[in-house]
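The values are calculated or read from the model by the stated rules, or taken from the named source; none is laboratory data. Just so we're clear, the structure is a prediction, and the values are computed from it rather than from any experiment. Every residue, glycine among them, receives a Cβ derived from its backbone with ideal geometry; neighbour counts consider all protein chains shown. Remember, those area values only see protein heavy atoms, side chains included, never the ligands or the DNA or RNA. Shrake-Rupley method; radii C 1.70, N 1.55, O 1.52, S 1.80 Å.
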Amino acid sequence: MLGVCLDVLAAGTVRVGAALRDPKVRVGGRSVEVGVAARWVRSYFDESANRAAAAAQGGKPFAYPAYDRMATGSGPDELNDGDFLAPLLLNAGPTMAAVYSLQAVRPALDAGLAAIRQDLTLQTAVACGRHGPLLEGLIGVLDAPARVPGIGLTKVTKVLHRKRPLFVPLFDQRVKACYYSTRANYPLHPTPGRPEALFFTTLGACMAQDLEEQPEQWKALAAQAPNDVSLLRILDVVAWNLGADSPGSTTP
């Protein structure tokens, strides 16, 4: 596994227009001007604009708050069938086979959620060396000997993120494009036979490192989104835009 050393850095409130020591924000092996990323975040989390676009003929709304605030009636430590449909709102809708697979692994996913405090951030868990077992308790269902047709990291993370938005990152091919490459400046490289749970725990550590090492940039970006939006959700929106040249991507 990639070795990751994190330092907890103090961060103050930063406006987008304020002078930053580094005017760019890094996501894995890619980077963008903070001002550009701020426009992406502000546009994506504009609830009024999204609702207006949804009502307009031919409009193309983003998924906030439809995905983030989707009410299914389940508790924080449990998944019901409505939760399994949440990826539809991110254009990664499950097939019938995927729904049956998610129902089959529901007990394991519920147990994995119950082991994670609702207020635990991925950054804290990584710094304390606790994120691996907790993420493996969720993502490990993909590595089980029994087949789970129709689901992979994209769908399962889009189901789980809503339950633990501070801890479970979202994943799709655009996020992967930011972190995974044969190029030396990318933190994740092809490794034959690597289990999905190991890949995802390593990816989580890389994301936490990006957040901890650039506190001013992420504070500035967080200021462009509503208070109920987590840094991991904001990171996903920035990564989705940065990874736009990757094939097979879905809308965040």
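With the condition kept exactly as written, say whether any residue in region 83-105 is crowded, with 19+ Cβ neighbours inside 10 Å, modelled with pLDDT of 95 or more, of a type in the set (V, I, T) and not in a helix (DSSP H, G or I).
Yes, because at least one residue in region 83-105 is crowded, with 19+ Cβ neighbours inside 10 Å, modelled with pLDDT of 95 or more, of a type in the set (V, I, T) and not in a helix (DSSP H, G or I).
Those residues that are open to solvent by 10 Å² or more (accessible area, probe 1.4 Å), touching a residue at least 24 places away in the same chain (Cβ under 8 Å) and of a type in the set (S, T, N, Q), I need them from region 182-208; list them, please.
The one that is open to solvent by 10 Å² or more (accessible area, probe 1.4 Å), touching a residue at least 24 places away in the same chain (Cβ under 8 Å) and of a type in the set (S, T, N, Q): N185.
Going by the structure shown, is W218 among the aromatic types (F, W, Y), under 12 Å from the mean Cα position of the chain (by Cα) and modelled with pLDDT of 95 or more?
no
For region 140-157, how many residues meet the condition of being assigned to a helix (DSSP H, G or I) and under 13 Å from V99 (Cα atoms)?
Residues meeting the conditions: 2.
Pairs please, first residue from region 209-233 and within 19 Å of P187 (Cα to Cα), second anywhere and open to solvent by 20 Å² or more (accessible area, probe 1.4 Å) and in a helix (DSSP H, G or I), Cβ atoms under 7 Å, 6+ apart in sequence or on different chains.
Matching pairs, first to second residue: L211/Q123; L211/L231; E212/Q123.
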